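Worksheet: one structure, shown below.
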Amino acid sequence: MWVGAVDRRLLDLALEGSTALFIGEFRKELYLGFRRNYQLGRQLMTPTLTGRLATESVRQFDLDGDELDPASTREALGFLGLERSFERGWEIALGAVGHAWREPARDQSTVGATARVVKASRTRGRVLLASLLWTGLYHRADFEGEASMKVGPIRMRPRARLGWGEHLPLQASFPLGGEDGFPGLHIGERRGDREALVGIMLTYVLKGPFVGRVELVTGRSAAGGPLIDGNGWIAGARAGIGAETPVGPVRFEYGVASDGRGAVFVRLGRWF
């Protein structure tokens, strides 16, 4: 669950302040942000200062998928830079970043630069994210995008994920499939500093708010080596029913992976 607040005239100044508290089973985070609109010629820029404090229990698994004790991490992240919004939901951000973190094997801190491009849809939320983070201790780049199309009564939503990193903090590594995980596997399984995934979701309206869902996915996760390689690929499929509710999407599905494993998938509302 989460709770947040925004004050667009903080201290009666032309300054926007925002805060949010996120409480999840694995990650807990406090967010603070300050923004001010600034006219530069004909362009409206937004100088931004944000900070995040978080703790996360990173799930660990052995080669057979059995869960091990989680790894406890803590981190503090700060961003100082510019944001710029465009028409049709596009937004870019450029700036400096500071990161201090603790994981079981090391305590580290570093500074660097970051760039981010986001495309949001009014009906589906974020549909594209591309970011680059380059610091003195680690490097990270990722892309996630999806499209939507309709053929007769079938709505199709293809998606792709790419992730690459070097010397990543444990909590910044890429779990295969992201927040929804990979069909048949545990959410958070198969972390690495390389990820490549493509898939398609097919939905069909059943009755009222209910839809039937079928998802087909293939992907790989690795530690080191090339981003796209012929080794380590796995395929999966997940099917079930879902509905849009006042608390967000609700899904009840079952997935299988090409290695013979299967897993129930239940989602109530949106994850963060």
Kindly indicate which of GLU83, GLU103, GLU87, GLU67 is modelled with pLDDT under 90, assigned by TED's automatic domain parsing to the domain that holds ARG42, over 18 Å from the mean Cα position of the chain (by Cα) and of a type in the set (D, E, K, R).
-> GLU87
Filter result (of a type outside the set (S, T, N, Q), out of contact with any Ser or Thr (no Cβ under 8 Å at 6 or more places or on another chain) and over 23 Å from GLY145 (Cα atoms)) within the stretch 96-124 | ALA105, ARG106, ASP107
Which of the residues spanning the stretch 78-107 are under 28 Å from LEU185 (Cβ atoms) and in contact with a Lys or Arg (Cβ under 9 Å, 6 or more places away or on another chain)?
-> TRP101, ARG102, GLU103
If you take the residues in the stretch 1-19 that are aliphatic (A, V, I, L, M) and over 17 Å from the mean Cα position of the chain (by Cα), which one is nearest to TRP271 (Cα to Cα)?
-> VAL3
If we keep just the residues of the stretch 24-80 that are among the charged types (D, E, K, R) and in contact with a Pro (Cβ under 6 Å, 6 or more places away or on another chain), which is surrounded by the most Cβ atoms within 10 Å (Cβ to Cβ)?
-> ARG59
Just checking, how many residues over the stretch 106-123 are at pLDDT 90 or above and under 20 Å from the mean Cα position of the chain (by Cα)?
-> 7
Candidates ARG261, ARG213, ARG191, ARG270 - the one that is surrounded by 14 or more Cβ atoms within 10 Å (Cβ to Cβ) and closer than 26 Å to MET149 by Cα | ARG213
Contact list, first residue from the stretch 207-226 and farther than 14 Å from GLY178 by Cα, second anywhere and among the aromatic types (Phe, Trp, Tyr), beta-carbon distance below 7 Å, six or more apart or interchain, is VAL211/TYR204; GLY212/TYR204
Which listed residue, of GLY145, GLY81, is closer than 26 Å to TRP271 by Cβ and not β-branched (Val, Ile, Thr) = GLY145
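The values are calculated or read from the model by the stated rules, or taken from the named source; none is laboratory data. Remember, it's a predicted structure, so these values are computed and weren't measured experimentally. All Cβ positions, glycine included, derive from the backbone under ideal geometry; neighbour counts span all protein chains shown.
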